[in-house]
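What follows is a set of notes on a single structure, which appears directly below.
The values are calculated or read from the model by the stated rules, or taken from the named source; none is laboratory data. Computed from a prediction, not measured in an experiment: that's the story for all the values here. Quick reminder, even Gly has a Cβ in these numbers, built from the backbone with ideal geometry, and neighbours come from all protein chains shown. These area figures cover heavy atoms from the full protein model, side chains too; ligands, DNA and RNA do not enter into them. Shrake-Rupley method; radii C 1.70, N 1.55, O 1.52, S 1.80 Å.
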Amino acid sequence: MSGETEADTLPGVGADAEAGVVRLGPGTLVLVVGPSGAGKDTLIGLARARLDGRAGLAFARRRITRPTDVTEDHISLDEAAFARGVAAGEFPLHWRANGLAYALGPEVAEAIGAGRIVVANGSRAAVREARRRFADVRLVLVTAPPEVLAARIAARGRESAEDAARRLTREPALTMAPALTLVNDGAPEAAGARLVAFLEQLAG
């Protein structure tokens with residue numbers, strides 16, 4: 001059965017502050033994380049279809065060292081381009097997972113600087129760094145039962161059975177409490193509607 005829980009308090013500006021670190025603000029980064037196969041891209045896509053173009057809200061396109069395909073609307077780049085971007089400080093957030101490199105582009109920093117809410121598909125392993133780099137991070141955790149995750153990963157046809165198994169064994173610990181947890185084990189429209197409601201409430 002689908003459902004969600006909300007943390008008693010939303011993580012806010014200045015959590016885990018480090019002396020001398022200038023964080024990106026005053027906007028909010030909504031980082032959507034969870035295991036492979038949980039349906040993060042699907043839920044973000046549903047929310048974008050409902051809310052894209054709304055004032056004060058933006059949806060990020062990740063940079064990934066993987067060719068573009070129908071499973072995610074991302075910007076493909078190679079390892080050399082990724083390394084150049086990191087060296088130039090072009091990416092406000094970047095990480096590696098599952099043998100790939102991921103990054104949020106400079107347009108995210110610009111939107112955050114303009115005070116907008118930016119929704120981005122992230123990684124549980126990148127949460128600590130996100131909190132270090134952004135003044136206000138809200139975490140949305142998307143999850144599903146193991147058998148559902150396995151079936152969805154297999155249906156994508158993007159990885160071998162061995163790679164899929166390795167993905168399912170990855171359980172990075174979260175370094176902050178989610179503002180919203182979505183159990184996406186049924187029709188995605190149900191969890192998608194809850195994500196939309198959360199973003200609408202956040203946008204005011």
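Summary of values
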| read-out | value |
| --- | --- |
| Simple spin-label estimate for Ala114 and Ala88 in nanometres, 7 Å along Cα-Cβ | 2.1 nm |
| Under the Debye formula (equal points on every Cα, no solvent term), log10 I(q)/I(0) of segment 108-159 at q = 0.20, 0.28, 0.29 Å⁻¹ | -0.81, -1.14, -1.19 |
| Estimated distance in nm for a label pair at Leu174 and Gln201, the labels positioned 7 Å out from Cα along Cα-to-Cβ | 1.5 nm |
| Arg50-Ala97 FRET efficiency (beta carbon distance; Förster radius 30 Å; 0.05 resolution) | 0.60 |
| Rough spin-label spacing in nm, given labels placed 7 Å along Cα→Cβ, for Ser76 and Glu147 | 3.6 nm |
| 1.4 Å probe accessible area per residue over segment 69-139, in Å² | 41 Å² |
| Radius ratio Rg over Rh of segment 47-151, counting only Cα atoms, Kirkwood formula for Rh | 0.96 |
